[in-house]
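Below: the structure, in structure tokens.
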Amino acid sequence: MNQFARSGAKLAQLLKTLGIDNEQVLDAISDIPRHIFVEQILAHKAYENTALPIGQGQTISQPYTVAKMTQMLVEHGVTTNVLEVGTGSGYQASILGKLFDKVYSIERIRALQFTAKKRLQMLDIYNIQMKHGDGWNGWASKAPFDAIIVTAAPSSVPEQLKLQLADGGILVLPVGTEEQTLVSIVRNGDEFIEKRWESVKFVPLVAGDTL
Ligand code: SAH
């Protein structure tokens, strides 16, 4: 048995004590080996409830936040397709891959996107399509989406992301600069119903250029 056997299950157990109660989400957390998504030197911290650096000044989010946002998307109901903006390590995308039929994920830093892609191949996950580019304007050719998750914080909600939601679809994202709040937006025809949740801390969503 390797050093990380059953670590995912222990992390899922910990998240349950913190209020994550969706069994499908907990199963996905339990199944995905998070240590694969961080540098080897940090692997021993991969099953703690902490954000970790993934290079290029970016971070893999805290597992509680990944689980919370995923739970909001899944419990909204329709799980045909989902767009993630900010692939980073690929961890959140792989969790979504367990829960949605098809995942689309965009990353602005090519080196991160490249490594994320290799990890997903290694784990035999094939329902995730990735793209290098600026996700501020979403991924129009694949829209509409049942769900959109943004894992970096814009100062205000990008309009195109709202417009790429399917009718009834849900967008979950952190919004703000210094102070950030988790926000959900549900589309009902031409209406967008916005709710604000807890305080969160994400790296900024960068508009315009790619690396
Ligand atoms: N979901 C990731 C966490 C990534 S951190 C994971 O599970 O590891 C946020 C990521 O968003 C960073 O990799 C950053 O490069 C990326 N990002 C920032 N602005 C972006 C933009 N406009 N388009 C796409 N990706 C962006």
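What follows draws every value from the coordinates through simple rules; no lab data is involved. This is a predicted model, so every value here is computed, not measured. Positions of Cβ are generated from backbone atoms using ideal geometry, with glycine treated the same way; all protein chains shown enter the neighbour counts.
Mean residue ellipticity at 222 nm, helices only, the chain: -8500 deg cm²/dmol; runs of at least 4 DSSP H residues each add -39,500 (n - 2.57), and the sum is divided by the number of residues. Dipole of region 51-200 computed with +1 at Lys/Arg Cβ and -1 at Asp/Glu Cβ about the Cα centre; of Ser184, Leu123, Tyr104, farthest Cα towards the positive end is Leu123.
Here the chain is treated with +1 on each Lys and Arg Cβ and -1 on each Asp and Glu Cβ, and its dipole about the Cα centre works out to around 640 debye. Between Val78 and Asp124, the modelled label-to-label distance comes to 3.2 nm, taking each label 7 Å out from Cα in the direction of the beta carbon. At full extension, Gln160 and Asp31 could sit 43.1 nm farther apart than now, given 0.36 nm per residue minus the alpha carbon distance. Say R0 is 45 Å: what FRET efficiency, to the nearest 0.05, do Asp167 and His44 get from their beta-carbon distance? Using R0 = 45 Å, I get an efficiency of 0.50. Rounded to two decimals, the Cα radius of gyration of region 51-200 over 2.2 N^0.38 Å is 0.96. For region 112-202, the Cβ-based charge dipole about the Cα centre amounts to some 460 debye (Lys, Arg positive; Asp, Glu negative; other atoms uncharged).
Over 23 Å between Cα atoms, which of Lys45/Lys118; Lys142/Lys201; Lys68/Lys142 qualify? Beyond 23 Å: Lys142/Lys201; Lys68/Lys142. Looking at region 89-196, the GluC sites (Glu not before Pro) that sit in a DSSP loop and have at most 15 other Cβ atoms within 10 Å of their own Cβ are Glu178, Glu179. Between Lys142 and Thr181, the contour length at 0.36 nm per residue exceeds the alpha carbon distance by 11.3 nm. By DSSP, the beta bridges lying fully in the chain are antiparallel in about 50 percent of cases.
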